[in-house]
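Q: Below: one structure in structure tokens.
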Amino acid sequence: MAIDRSYVSRNDAERARLTRLVARASDADLARAMPAGWTVAAILGHLAFWDQRILTLIDAWERGTPPPSIREADVDWFNDSGKPFLLALPPRQVAELAVSIAAAVDRRVAALPDDLVTKNAAAGSPLSLDRAAHRKEHLDEIEGRGSR
């Protein structure tokens, strides 16, 4: 049975979009206010956090600890807890970190062995290997394409 790795091309496309946004953004663009007290850079840092989470969980799983499923009830408080830290960091550094971590997680999920991809799917996909959907949501928001 073929393993569905269609997420790889979607991840690549949204990572390229992220990279282009960061490359063309001025420091003022990155510091621009967004809804709910976020800035463009803080939103990019939020993406980096969730991508880094996947890298950390893959490492743990490869050492024998399967990832926990995320509870939707926890997502808001995770995001709200991290926001002050993301807002305190230099916007350019946060944006560049988002690109760097996106590249690292995309390489890692693209190279996962078939058995781990299969185990992840059988466990209800506690690892979101399709990083593109989350990136697209926030890049659309930043670029004014999303609903507000």
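No lab work stands behind these numbers, since they all come straight from the coordinates. In this text, all values refer to a predicted model and were calculated from it rather than measured experimentally. Virtual Cβ from ideal backbone geometry, glycine too; neighbours counted across all protein chains shown.
Q: Which of (1) out of contact with any Gly (no Cβ under 7 Å at 6 or more places or on another chain); (2) surrounded by fewer than 15 Cβ atoms within 10 Å (Cβ to Cβ); (3) farther than 17 Å from Glu143 by Cα does Ala13 not meet, given it meets every other one?
A: (3) is the only condition that Ala13 fails.
Q: From the list Asp130, Asp106, exactly one residue is in contact (Cβ under 8 Å) with a residue 24 or more places away in the chain, under 30 Å from Gly37 (Cβ atoms) and either part of a loop (DSSP other than H, G, I, E, B) or polar (S, T, N, Q) (or both). Which is it?
A: Being in contact (Cβ under 8 Å) with a residue 24 or more places away in the chain, under 30 Å from Gly37 (Cβ atoms) and either part of a loop (DSSP other than H, G, I, E, B) or polar (S, T, N, Q) (or both) holds for just one of Asp130, Asp106, which is Asp130.
Q: Please state which of the following conditions Trp77 fails to meet, knowing it meets all the rest: (1) farther than 22 Å from Ser6 by Cα; (2) in contact (Cβ under 8 Å) with a residue 60 or more places away in the chain.
A: (2)
Q: Before we move on, is Phe85 closer than 16 Å to Asp130 by Cα, of a type outside the set (Ser, Thr, Tyr), assigned to a helix (DSSP H, G or I) and in contact with a Gly (Cβ under 9 Å, 6 or more places away or on another chain)?
A: Against the criterion (closer than 16 Å to Asp130 by Cα, of a type outside the set (Ser, Thr, Tyr), assigned to a helix (DSSP H, G or I) and in contact with a Gly (Cβ under 9 Å, 6 or more places away or on another chain)), Phe85 does not qualify.
Q: Got a number for residues in segment 46-98 being touching a Ser or Thr at 6+ places or on another chain (Cβ under 7 Å) and β-branched (Val, Ile, Thr)? Before the answer, list the steps.
A: To start, the set of residues in segment 46-98 that are touching a Ser or Thr at 6+ places or on another chain (Cβ under 7 Å) comprises 54, 87, 91.
From what is left, the residues that are β-branched (Val, Ile, Thr) are 54.
Within segment 46-98, residues that are touching a Ser or Thr at 6+ places or on another chain (Cβ under 7 Å) and β-branched (Val, Ile, Thr) number 1.
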